[in-house]
Amino acid sequence: MKVSRCFRTQLFSFIVLLLVACKDSKKKNYSVEKNVQVDSLKDCDPTDSVHLLSEVHKHHVASFQNDTLRPVPGIYTAPTVAKTEKDTYDGMVRIPGGTYMMGAQGKLALPREYPKHQVTVSGFWMDAHEVTNAQFKEFVDATGYVTIAEEDVDWEEMKKQVPSGTPKPHDSLLAAGSMAFNPPNHAVKLDDYTQWWAWRTGLNWRRPEGPGSSIEDRMNHPVVHVCYYDAVAYAKWEGKRLPTEAEWEWAARGGLTDKTYPWGDQHVDAGVVKANSWQGDFPHYNSKSDGFYTTAPVKTFQANGYGLYDMAGNVWEWCSDWYHADYYKMAYQMGPQTDPQGPDRFFDPQDPYAPKKSQRGGSFLCNDSYCASYRVSARMPGSLDTGMPHVGFRCVKD
Ligand SMILES: [Ca+2]
């Protein structure tokens, strides 16, 4: 399951709302407090929160239609040349082109995965595994890139997007940070994600659990706390790009037809462990029968038919398509599509003003009791500037 990180923007927006509406309150819980009901049922994405700062990103949207580098202040300067071509295909596998019925696979499919519609995808190259901490570090070392989670919030910018007179949040709330998985120690109803997500300062890709944590022993784990902008910056440096949803799903299916998971139809927890997911009772008890509470090293579990690892579980993966909850309905009406790039606009009914891209594949937090998003057709909205501890990415190349 996932929570994304426009979440950061959204969270601060929420905090500001709290300050405005509840400034006399002694409440000190900075967790987002908006219940999410995806497709009128449930969702594992708390990005659907108050989004007063969405205006800040509206001008970003236009530029990102062209998949540009992130349009936010920062010390990063886009490299003028991509990483050398000689490395381009290292660690990638060739995905053959083909035609398939995209969407709604299996009885657990959500409304946003319907209806199935015919899609043809040209052949492409795809990273065999999710981008690792080691790979991302190489990029950062070479370019000086700073992820959004490592930057303090600019109040001067933020206050332009909140109601006049809004008091400045305490500096501690404007410090760089990200979302932390902070589960209760007892069973809870799964209708309020604020029970297991909390804002923390000091969390970023180098310190996934905040100050004191490290990636030293996780260099071969997928990088996390990276937002869409961060992923695009890395991909461009590699001379690659993010996959479209159509490419991602086609690749995840691994050459199989009408199967729920990358390996077939057998349940994720049946037989040999197939993916890094959540076993037990979410969110308070994880038996870790797959061996991992959070991320797992890439290539830990068996690859799918195309030689791709972790197309189910471990971390959610950014795609290039705008997220639109009704896009599949539009695609169905348009008829068979070849190499679709997704809708030309975003729409998440739970949070209609926040620009969001699609994420695929589920994560180590996914469990049948909640979203079961280790399915090939599962999809999730993720706000552009929001990274999370269970969201990463992989790249493709034509
Ligand atoms: Ca696990």
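Side notes on the structure shown:
- Exposure proxy ranking, count of Cβ atoms within 10 Å, fewest first, for Val140, Val188: Val188, Val140
- Anisotropy class of segment 213-342 from Cα gyration tensor, a/c 1.5 cut: oblate
- Pairwise Cα separations in segment 212-258 fall into 5 Å bins from 0 onward with the following percentages, short to long: 5, 15, 15, 19, 21, 12, 10, 3, 1, 0.
- Here the alpha carbons of segment 334-379 define both size measures, Rg and Dmax, at 13.5, 35 Å.
- Residues Glu151, Glu157, sorted so that the one with the fewest Cβ neighbours within 10 Å comes first: Glu157, Glu151
- In sequence order, calculated HN-Hα J values of segment 376-384 (Karplus, 6.51, -1.76, 1.60; Hz; x Gly/Pro): 5, 9, 5, 9, 8, x, x, 5, 4
- Phi angles of segment 350-362 translate, via the Karplus equation with coefficients 6.51, -1.76, 1.60 and θ = phi - 60°, into HN-Hα couplings of 7, 7, x, 9, 8, x, 9, 10, 7, 10, 9, x, x Hz per residue; Gly and Pro are given as x.
- Close amide H contacts of Gly392 (hydrogens built in the peptide plane, cut-off under 5 Å, sequence separation of 5 or more or a different chain): Trp316, Glu317, Trp318.
- Three-way shape call for segment 271-343 based on the alpha-carbon gyration tensor, with the a/c threshold at 1.5: prolate
- Close amide H contacts of Met92 (hydrogens built in the peptide plane, cut-off under 5 Å, sequence separation of 5 or more or a different chain): Ala128.
- Distances between placed amide hydrogens fall under 5 Å for Asp321 paired with Glu245, Ser358, all partners being 5 or more residues away or on another chain.
- Taking the number of Cβ atoms within 10 Å of each Cβ as an exposure proxy, the fewest-first ranking of Lys107, Lys356, Lys159, Lys274 is Lys107, Lys159, Lys274, Lys356.
- Spin-label model distance (nm) - Ser122 vs Asp192, 7 Å beyond Cα toward Cβ: 5.1
- Coupling constants for segment 295-303 follow from the phi torsions by the Karplus curve (6.51 cos²θ - 1.76 cosθ + 1.60, θ = phi - 60°), and in residue order they are 6, 10, x, 4, 6, 6, 9, 4, 6 Hz; glycine and proline get x.
- Alpha-carbon centroid distance for the pair segment 320-398 / segment 199-228, whole angstrom: 23
Just so you know, all these numbers are worked out from the coordinates, no wet-lab data involved. Since the structure is predicted, the reported quantities are computational estimates derived from the model, not experimental observations. Cβ: placed from backbone, ideal geometry, glycine included. Neighbour counts: every protein chain shown.
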